[in-house]
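Below is one structure; the comments refer to it alone.
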Amino acid sequence: MAQEIDAYNEALSSGQYEKPGGLIGKYDNARRFWEDEQLGLYLRPYLERMVARKQNRREKLHIMDIGCGSGDGFEFITSIDKSQSPISQHDSRLITPSTVELYTGVDINDGLVKQAQGTYGNRDNMEFIVSDFNDYPFTEGPPYDVYLANYGTFSHNTDEQTTKILNKLARHSDNGAIIAIDWLGRYSYEWQSLWTRDLKNNQWMDYVISYIYTEDERETQDLTAFALRIVGRAEVQHIYHQAKKMGGGALVLRKLVDRSSFVGRHMDTKQYNPHAQPLRGLVNSLFEPNVSTNLDELMIDYVPMEGFDEVNAYHRELTRWWNYLIACIKALLEKKATPEAPARTPGVVTRALSAMKKTIRSADRIKIGNPRSSLIEPQLGYCLRELEIGLQKGLGCGHGLVAIFEIVK
Ligand SMILES: C[S@@+](CC[C@H](N)C(=O)[O-])C[C@H]1O[C@@H](n2cnc3c(N)ncnc32)[C@H](O)[C@@H]1O
C-alpha cells in the first residue's frame, strides 16, 4: 500500500490533480465529457428509479464514495442530467447537492482526503473518512442508497477482497440500492503487450500515473509504480457469483460495459503498447474550445494480436465505424460526397452521421466565433463516444470495465 500512497502523492504534488484540466491532467476533457458522462448515462435509468422512489417518500439520498480520492464522486453524481430535459431548462440535474442527505467519502490516502476536504469540507452533508476500505465497517450504521467505486478503485484489491465488500453491501443495503464499480479493463488496447489468455492466475499490471505529464516531463520523471488488477468479463462474473454464494444473494448485475476503448489514458504514453496512438489527446482537443483538431490523426490503425479473436473482432468493428464516421465528417467539411455506407451499417453509426450532418449544416451558417471548434468538434467527440456505447460488448476492452449492480430484496 505504501507504493500506492507515494504514487498518488506524487500525482497530487504535480499540480495535475487540480481542477480544471482540459487538454491534460486528471480532469482532462475525456474524463469530463467522455468517461464521467458515459458512466452517468449507464447509471441514469437506475438512478432515476431510485430518485423517484425517494421523492415519493420525501427522502433524500445517501451516497458513499469508496476510494473517493479527491471526492470526485460528489461532483459526478450531481452532474448527471435527467433523461427528459428540454433545452429550455437550465437546471436539468437528476440529483442536486441539496437532494443529497449525506455523502461519505472513504479513502486511505490522507493527502487526497485533505484535498477533498479543502474543496468540500464546509458542507454539512459531506464527510470524508481516512480508512482502508477493506477494514471499513460497511455493515454498521444505516445503509446507503448508492455506492460508487469509480475509476479503477477496486483494481487495487484482490478479487477476494472485492467479493467480501460486495457481499457486505448486498446483505446490508435496502432494496433498490445501486453499486457502481469499475476496474481496469484487461484487454484495453493501451496495454496490448500485457494481454494473456491465462485466466487462472490473477493478472496485475505495474501502473504508473505518467499520463498527467507532457511527453517531455515524462522523460525526466522518476515515478512510483504500483500493482493494479486488470479484469475481463469472466473475472467480473466470477467475483459476482462468489459474492452471491457468500450470502450476497440480493446482488443483481445489471450492466457490464466497456468504457474508453482506444481513448484510455495510456494511449498517449505508448508505455504498454508501441502501436498505441495519441487518441486521448486528440479527443481532449475535440472537446476543447478554440482548438481545432487534425482529423487525419484521429483515424485508428488497429494492430491485432493473434489468438484474441473476440477481442480483435470488437476492436476491428469499432475501428471500422470510427474511421468511417471520420471519413464522412472530413468529406462533409470539404463539401465532397461522403463515402458510401457499407452494408449492415449499425443504427448507432447512422444516427451519429445524421447528427453530424445537421451540426455541420448549421455550423456552416454561423459567422460568429469558431463553429468548427465550438460546435462541430465537440459533437464529433460525443458521436465517437456514442459509437463506443453502441458497439461495446463489456469484454474488458476499455480502460475501464464498469459493473452496475442493483440490490433486489
Ligand atoms: C484510481 S483512484 C480513484 C479515485 C476516485 N474514485 C476518482 O473518481 O477519481 C483509486 C483511489 O482508491 C484509493 N484506495 C486504494 N486502495 C484503497 C484501500 N484499500 N482503502 C481505501 N482507499 C484505497 C486510492 O488512495 C485512490 O484515491
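The values are calculated or read from the model by the stated rules, or taken from the named source; none is laboratory data. On a predicted model such as this, the values are computed, not experimentally measured, just so you know. Because the Cβ atoms are built from the backbone with ideal geometry, glycine has one as well, and the counts that use them run over all protein chains shown.
Suppose we keep only residues that are of a type in the set (Ser, Thr, Tyr) and modelled with pLDDT under 95 within the stretch 100-134. Which one would you say is surrounded by the most Cβ atoms within 10 Å (Cβ to Cβ)? Among them, the one singled out is 120. Looking at the stretch 147-164, which of its residues are surrounded by fewer than 24 Cβ atoms within 10 Å (Cβ to Cβ) and β-branched (Val, Ile, Thr)? Listed by number, the residues that qualify are 153, 158, 163. Only one of the numbered conditions (1) away from the ligand (no atom under 15 Å from the Cβ); (2) closer than 18 Å to residue 397 by Cα; (3) in contact with a strand residue (DSSP E or B) (Cβ under 7 Å, 6 or more places away or on another chain) is violated by residue 178, and that is (2).
Can you find even one residue in the stretch 176-186 that is farther than 16 Å from residue 231 by Cβ and surrounded by fewer than 23 Cβ atoms within 10 Å (Cβ to Cβ)? Within the stretch 176-186 (the criterion being farther than 16 Å from residue 231 by Cβ and surrounded by fewer than 23 Cβ atoms within 10 Å (Cβ to Cβ)), the answer is yes, since at least one residue qualifies.
Go through the stretch 153-175 and report how many residues are within 16 Å of the ligand (Cβ to nearest atom) and under 18 Å from residue 256 (Cβ atoms). Total meeting the criteria: 10.
Quick check on the stretch 207-218. Is at least one of its residues touching a helix residue (DSSP H, G or I) at 6+ places or on another chain (Cβ under 7 Å), surrounded by 14 or more Cβ atoms within 10 Å (Cβ to Cβ), farther than 30 Å from residue 386 by Cβ and among the small types (Gly, Ala, Ser)? No, because not a single residue in the stretch 207-218 is touching a helix residue (DSSP H, G or I) at 6+ places or on another chain (Cβ under 7 Å), surrounded by 14 or more Cβ atoms within 10 Å (Cβ to Cβ), farther than 30 Å from residue 386 by Cβ and among the small types (Gly, Ala, Ser). If you go through the stretch 114-152 and keep only what is among the aliphatic types (A, V, I, L, M), closer than 27 Å to residue 42 by Cβ and either touching a helix residue (DSSP H, G or I) at 6+ places or on another chain (Cβ under 6 Å) or near the ligand (Cβ under 9 Å from one of its atoms) (or both), you end up with 126, 148, 149. In the stretch 89-100 there is at least one residue matching the filter, namely being free of Cβ contacts under 8 Å to residues at least 24 places away in the same chain, in contact with a Lys or Arg (Cβ under 6 Å, 6 or more places away or on another chain) and of a type in the set (S, T, N, Q). Kindly establish whether residue 211 is more than 15 Å from the ligand (Cβ to nearest atom), out of contact with any strand residue (DSSP E or B) (no Cβ under 8 Å at 6 or more places or on another chain) and in contact (Cβ under 8 Å) with a residue 60 or more places away in the chain. Taking the combined requirement at face value, the residue does not satisfy it.
Taken across the stretch 297-310, residues that are farther than 21 Å from residue 264 by Cβ and in a loop (DSSP other than H, G, I, E, B) do occur, with at least one present. Within the stretch 396-409, residues that are at positive phi sit with their Cβ atoms under 6 Å from residues that are in a loop (DSSP other than H, G, I, E, B) and of a type in the set (Lys, Arg), at 6+ positions apart or across chains, in these pairs: 396/186. Just to be sure, is residue 136 under 23 Å from residue 31 (Cβ atoms), assigned by TED's automatic domain parsing to the domain that holds residue 243, out of contact with any Asp or Glu (no Cβ under 6 Å at 6 or more places or on another chain) and assigned to a loop (DSSP other than H, G, I, E, B)? So residue 136 fails the test. Checking each residue in the stretch 67-88 for being touching a helix residue (DSSP H, G or I) at 6+ places or on another chain (Cβ under 7 Å) and either free of Cβ contacts under 8 Å to residues at least 12 places away in the same chain or exposed (fewer than 14 other Cβ atoms within 10 Å of the Cβ) (or both) picks out only 83. Quick one: would you say residue 222 is exposed (fewer than 14 other Cβ atoms within 10 Å of the Cβ) and without any contact (Cβ under 8 Å) to a residue 12 or more places away in the chain? So residue 222 passes the test.
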